[in-house]
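The values are calculated or read from the model by the stated rules, or taken from the named source; none is laboratory data. Just so we're clear, the structure is a prediction, and the values are computed from it rather than from any experiment. Note that each Cβ is placed from the backbone with ideal geometry, even for glycine, and that neighbours are counted across all protein chains shown. Remember, those area values only see protein heavy atoms, side chains included, never the ligands or the DNA or RNA. Shrake-Rupley method; radii C 1.70, N 1.55, O 1.52, S 1.80 Å.
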Amino acid sequence: MPLPASIVCAGGSRTWGLITRAFSVSGKPSLSTHRKCHGGPVALSYDLYEGKASGPPLVLLHGLFGSKSNFQSIARALVQRIGRKVLTLDARNHGSSPHCDIITYPAMSDDVRHLLQQLNIPRCVLIGHSMGGKTAMTLALQQPHMVERLISVDISPSTTSPQTGFPQYIKAMQNVRLEGEMPRSTARRLAEEQLNAIVKEPSVRQFLLTNLLQENGHFKWRVNLEAISNHLQDVLDFPEFHSSYSGPTLFLGGANSPYISSENYPDIERLFPCANVEYIQGAGHWVHAEKTQDFLNAICNFVEST
């Protein structure tokens with residue numbers, strides 16, 4: 001059902017002294033290092049935002065071409081309002097996490113499981129957007145004892161239509177050429193001009209450009225475009241499960257986005273029998289960026305509900 005325009009977080013807003021610490025389990029690996037994985041988890045880069053309240057921490061998983069920095073302001077706001085620790089992660093082949101040939105949901109969910117175990121986090125509230133939402137759903141279905149509550153942001157446990165434009169985005173990024181040394185501002189301008197031939201939406205171009213990295217005087221993409229291209233169908237699909245996750249679950253969609261529709265309800269009901277579906281009015285796919293306060297209100301309302 002549609003999400004009300006304004007939701008009051010249960011118990012009101014709480015303010016805590018905020019301590020922000022950033023850790024990198026992987027020691028910020030060189031982004032030019034590409035290694036083959038042999039079925040085991042990779043050491044994800046993450047940021048930990050300290051909170052004083054008890055309760056399972058909130059873990060935020062970004063979408064395709066994103067990074068943990070997408071949730072930086074969201075994480076700080078959640079610490080202030082809910083008071084619990086918040087963890088943001090870079091998925092494999094994204095951000096500061098290692099590059100790897102394999103990018104599937106079982107592999108990415110195993111990365112998250114491995115990190116949570118390393119950090120002695122037995123249970124968490126798992127929040128994932130798009131690709132991160134499918135990773136979160138996979139972990140909840142595989143390791144339900146580790147997930148107290150689950151929130152999937154604008155994605156369902158169904159195959160995502162290729163009309164997303166992701167194949168075109170990958171091609172456009174692969175075709176960008178930046179020769180010689182130049183200021184970062186010049187590199188971004190030239191890269192955007194080249195992306196414009198295929199990626200028409202300015203907001204999408206700016207989002208993709210967050211992945212432009214300067215390393216040793218040269219510019220490159222920090223996402224592993226080759227691996228993503230090779231496994232794009234795996235990213236668009238969702239693994240087949242015959243079990244279900246019975247914990248509290250929220251599917252939080254943008255009212256202007258097609259990625260959670262009535263066609264997906266049978267899959268949602270089968271795999272997540274305790275799920276609610278809500279929509280944020282006026283939001284598209286990037287719900288947390290387009291309607292930040294409504295997004296935060298919905299998260300607070302769900303996390304603090306009994």
**Q.** Qualifying aspartates and glutamates (Cα of each under 17 Å from Cα of LYS171; at least 8 residues distant if same chain)
**A.** GLU192, GLU193, GLU201, GLU226
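Counting only other residues whose beta carbon sits under 13 Å from that of GLY217, what net charge do I get with K and R as +1, D and E as -1? Could the numbers behind the result be given before it?
Working: positive: ARG184, LYS220; negative: GLU179, GLU181, GLU215.
Taking every Cβ under 13 Å from that of GLY217, the sum is -1.
What is the projected area of the convex hull of the Cα atoms of the chain, averaged over all directions, in nm²?
Values: hull surface 61.5 nm².
It is 15.4 nm².
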Q.
Keeping all protein chains in the complex and leaving out DNA, RNA and ligands, what accessible area do you get for GLU201 with a 1.4 Å probe, in Å² to the nearest 10?
A. 90 Å²
Q: Would you mind computing Rg(Cα) / (2.2 N^0.38 Å) for region 192-306, counting N as its residues?
A: 1.36
Q) For ARG84, ARG92, what's the largest-to-smallest order of accessible area, 1.4 Å probe? A) ARG84, ARG92
Q | Solvent-accessible surface (1.4 angstrom probe) belonging to GLU50, in square angstrom, nearest 10 | A | 30 Å²
Q. For region 53-210, with every protein chain kept in place, what is the accessible area per residue (1.4 Å probe, Å²)?
A. 35 Å²
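Within the accessible area of region 37-79, what % is carbon and sulfur when the probe is 1.4 Å and the other protein chains stay in place? Please report the intermediate quantities before stating the final value.
On the way: 620 of 1320 Å².
So the carbon and sulfur contribution to the accessible surface is 47 percent.
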Q | Nearby aspartates and glutamates by direct alpha-carbon distance to LYS85 (threshold 16 angstrom, same-chain neighbours under 8 apart not counted) | A | ASP47, GLU50, GLU148, GLU304
Q.
Can you bin every Cα-Cα distance in region 50-116 into 10 Å intervals starting at zero and give me the percent of pairs per bin, rounded to whole numbers?
A. 21, 47, 26, 6
